[in-house]
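J.: Got a structure for you, questions after.
The values are calculated or read from the model by the stated rules, or taken from the named source; none is laboratory data. This is a predicted model, so every value here is computed, not measured. Cβ atoms come from the backbone with ideal geometry, glycine included; neighbour counts cover every protein chain shown. Remember, those area values only see protein heavy atoms, side chains included, never the ligands or the DNA or RNA. Shrake-Rupley method; radii C 1.70, N 1.55, O 1.52, S 1.80 Å.
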Amino acid sequence: MNRTTLSLIAGATALAAVTGFAALTAPAASGGGTAKTAARLPVEQTRLLCPEPSTSDIAETSYTSFTPVAQGASGSGKAELTAASAQSADGSQTGSGSATGSGSGKSGKGTKDKKQSNAPTVTPKEPGTPVTGAGSGADLPALIGTATGRFAPGWTVQETTQIAAGSGRGLLGTNCTAPDTQFWFPGAGTAGSRTDYVHLTNPDDSAATVDIEMYGKDGNLKSTVGEGITVQPHSSEPILLSTLTSAREADLTVHVSARSGRVAAAVQALDDKLGGDWLAASTDPAGSLVMPGIPKDATDVRLVAFVPGDADADLKVRLSSPSGLITPAGNETLHVKSGMTTAVDLGDVTRGEAGSLVLTPSGTPVPVVAALRVVRGKGDKQETAFIPATAPVGTRASVAGNTAKGTTLALSAPGGSATVKVTASAGSEGGTAVTKEYTLKGGTTQDVDAPVPSGLKGTYALTVEPVSGGPVYAARTLETTTEGVPAFTVQTLPDDRGTVAVPEANQDLSVLLKK
C-alpha cells in the first residue's frame, strides 16, 4: 500500500494513507521542547472501490458495509457507495450516478446508464452494525465508496455474488479494495476454459494511465495492447486478458501498474468447468509469504509464484496445520526463476485439516509474490476460490457478510504463539455483539469456532485483534451449495490500517531565521 505524507506546518499534521486515501488532521501541539513519539490516531477518510460484479443475467449480488467501533474517532461522518461513471462509445462521461436503489430503472441512455440506476443503496447509520444492499442480473455497476469521520477507521465492504449456472458459476466474493499504483496477481489464466478479466476502477478527478503486463512459464508475454490503457475519472474498465495476448496459459502472473494516477484492481477468474471467483492482489513482494485458510476439504490446491526481480528464489514450502508446521511430501522446496511464473500442484495437501501455506527462503531472501488456487468438490461438481499471500492482521482486521451457517474463520500463527480477540458485530437486522479470545500455538492454523451475535438477524461482521504474541494471519470462508456444487469464496484479513501515526510537534519559528 502506497502512502502519501503531507508537509508538517506549524505543529499541524495532515496525513494521507490507509486503504487508498485516508486523511487526518492532528490538533496543534502546545508547549516547548522537541517532537515526541508519534501517537496513533483514527483516520478521517477512506476510499474503497467495488468491481462490476457479473455479466450474468442470473447473478445475485449482495453488499455489506461495516466499520468497527474505534476509540477517538470523529463524532460525525458518513459512508456511501456511488456508481462509477458510465462511458459513451467515444470515451466521454455520461454522468456519475448515485446509489439510489436496486431496482431496474432505465435512463434511456444505454446499458451503462442503466447500470448506474441499479446501484444498490448501502448507507450505514452507526459504526459496529453492518448494513446490506443487493441487486441482481448483469446491470450492476462498479462502485466507488467514501467513508469519512467515525465511519472511516477500518471501513470494509464485502461484495458477494452467487451464479447458479454458466461459466464461473458458484460463489464469487471480494473485499472492495483501495486504490494504489501497483498490483500483482499470480494465478490468473488465459487457457481455453478460462475467461479472466482485470477490473480497473479510477476514483479520482483525473484520468489514470495503466500498463498491464503478463508473465507465463517462459517469461514476459510481450504485447503493446496492454500499454497505456486510459481509465477515465470516476469510471471502471474490465479488460479481458485473452485480448492482450495470443498465448493460452493456465497459470499467469498479471502486473498492473499506473503510470499516472491510481486505480483499484481485481481479477475476475471464470472457468467453464471449475466455477470461478475473484483473485485479489498478492501482498507486496517479500522473502517470506503466508496464504492462510485453506479449506480442510480442499480436493486440489495449486501454488502459483513469481519473482519480480532479477534473482531466482529458492523457497521452503510448509503447511501450517493444527498440530504445527508440516513439509508436504514431494514438495519440500520450490525454485522460482526470475521473471517466470512457476506453478505446482499440491493436491489435497490439507488432508482433512485446517491449513495455511507458508513460504520461507532456503537461502538468500528474494522478494516473491504468490497465490493459491483452491478447488472443492469432485467431477462436474467442483468449485474454485483463490487465496493470495497476505499481510498479517497487525492491529485489527474485519470482514463482513458472514452468516450463522456457512462461515469459517481460520487463524494462523506461523511463528510464535499468539492470543487473539475475535468480535462478532451486531447483526444487520438485529442481534448483540459477542467477543471471544483464542490462543494459538506457534506454527499452527486453526478453524476456530467463531462467535455469532446473540439473537442474530441478517448478516454480521467479524473483527480480529491480536492481543499478544507473534504475528497472526487470518482468512474467512463463505460456503453454500448451489445445484449440488460446493460453492465457496475465501477472503484474507490483512491489517485495516484504521489508524495512522501522527507525531507530536512544537512550533519553532527560529527555523525561519537559520541560514
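J.: Quick test of your reading of the structure: residue 317 fulfils all but one of (1) more than 18 Å from the chain's Cα centre (by Cα); (2) under 28 Å from residue 399 (Cα atoms); (3) open to solvent by 20 Å² or more (accessible area, probe 1.4 Å). Name the failing condition by number.
T.: Going through (1) more than 18 Å from the chain's Cα centre (by Cα); (2) under 28 Å from residue 399 (Cα atoms); (3) open to solvent by 20 Å² or more (accessible area, probe 1.4 Å) one by one, residue 317 breaks only (3).
J.: I want to confirm something. Restricting to the range 442-464 and keeping residues that are out of contact with any Pro (no Cβ under 9 Å at 6 or more places or on another chain) and within 28 Å of residue 350 (Cα to Cα), which single residue is most open to solvent (accessible area, probe 1.4 Å)?
T.: Residue satisfying both the conditions and the ranking: 449.
J.: Out of the residues in the range 238-250 that are open to solvent by 30 Å² or more (accessible area, probe 1.4 Å) and touching a residue at least 60 places away in the same chain (Cβ under 8 Å), which is farthest from the chain's Cα centre (by Cα)?
T.: Filtering the range 238-250 for residues that are open to solvent by 30 Å² or more (accessible area, probe 1.4 Å) and touching a residue at least 60 places away in the same chain (Cβ under 8 Å), the one farthest from the chain's Cα centre (by Cα) comes out as 250.
J.: For residues in the range 211-226 being modelled with pLDDT of 95 or more and open to solvent by 60 Å² or more (accessible area, probe 1.4 Å), which is farthest from residue 82 (Cα to Cα)?
T.: 218
Here is a yes/no grid of residues against (1) open to solvent by 40 Å² or more (accessible area, probe 1.4 Å); (2) modelled with pLDDT of 95 or more; (3) closer than 25 Å to residue 277 by Cβ:
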{"residue": "342", "(1), (2), (3)": "no, yes, yes"}
{"residue": "346", "(1), (2), (3)": "no, yes, yes"}
{"residue": "355", "(1), (2), (3)": "no, yes, yes"}
{"residue": "366", "(1), (2), (3)": "no, yes, no"}
{"residue": "375", "(1), (2), (3)": "no, yes, yes"}
{"residue": "379", "(1), (2), (3)": "yes, no, yes"}
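J.: Which is more than 21 Å from the chain's Cα centre (by Cα), part of a strand (DSSP E or B), within 23 Å of residue 159 (Cβ to Cβ) and modelled with pLDDT of 95 or more, of 455, 431?
T.: Sole residue among the options that is more than 21 Å from the chain's Cα centre (by Cα), part of a strand (DSSP E or B), within 23 Å of residue 159 (Cβ to Cβ) and modelled with pLDDT of 95 or more: 431.
J.: Quick one: in the range 281-296, of everything that is in contact with a Gly (Cβ under 8 Å, 6 or more places away or on another chain) and surrounded by fewer than 24 Cβ atoms within 10 Å (Cβ to Cβ), which residue is farthest from residue 355 (Cα to Cα)?
T.: Selected residue: 285.
J.: Does at least one position in the range 462-469 carry a residue that is over 30 Å from residue 184 (Cβ atoms), among the polar types (S, T, N, Q) and in contact with a Ser or Thr (Cβ under 6 Å, 6 or more places away or on another chain)?
T.: Looking through the range 462-469, at least one residue is over 30 Å from residue 184 (Cβ atoms), among the polar types (S, T, N, Q) and in contact with a Ser or Thr (Cβ under 6 Å, 6 or more places away or on another chain).
J.: Let me ask you something else. Is there a residue in the range 426-436 that is under 22 Å from residue 449 (Cα atoms), of a type in the set (Ser, Thr, Tyr) and touching a Gly at 6+ places or on another chain (Cβ under 8 Å)?
T.: yes
J.: Residue by residue through the range 179-210, note down the ones that are open to solvent by 10 Å² or more (accessible area, probe 1.4 Å) and among the aromatic types (Phe, Trp, Tyr).
T.: 183, 184, 197
J.: Now for a separate question. List pairs: first in the range 456-482 and over 28 Å from residue 124 (Cβ atoms), second open to solvent by 20 Å² or more (accessible area, probe 1.4 Å) and not in a loop (DSSP other than H, G, I, E, B), Cβ under 6 Å, 6+ apart or cross-chain?
T.: Pairs found: 468/419; 469/419.
J.: Just need a number here: residues in the range 432-450 that are in contact with a Leu (Cβ under 8 Å, 6 or more places away or on another chain) and either under 25 Å from residue 129 (Cβ atoms) or free of Cβ contacts under 8 Å to residues at least 40 places away in the same chain (or both).
T.: Here the count works out to 4.
J.: Residues in the range 277-284: is at least one more than 19 Å from residue 476 (Cβ to Cβ) and either among the acidic types (Asp, Glu) or touching a residue at least 24 places away in the same chain (Cβ under 8 Å) (or both)?
T.: For the range 277-284, residues more than 19 Å from residue 476 (Cβ to Cβ) and either among the acidic types (Asp, Glu) or touching a residue at least 24 places away in the same chain (Cβ under 8 Å) (or both): present.
J.: Can you find even one residue in the range 190-207 that is among the β-branched types (Val, Ile, Thr), in a loop (DSSP other than H, G, I, E, B) and at pLDDT below 95?
T.: No, that holds for no residue.
J.: Okay, next question. Go through the range 347-373 and count every residue that is under 15 Å from residue 294 (Cβ atoms) and under 24 Å from the mean Cα position of the chain (by Cα).
T.: 11
J.: Follow-up. Are there strands (runs of 3 or more DSSP E) fully within the range 130-178 with at least 3 residues that are open to solvent by less than 30 Å² (accessible area, probe 1.4 Å)? List them.
T.: Filter on the range 130-178 gives 143-148, 156-163, 170-175.
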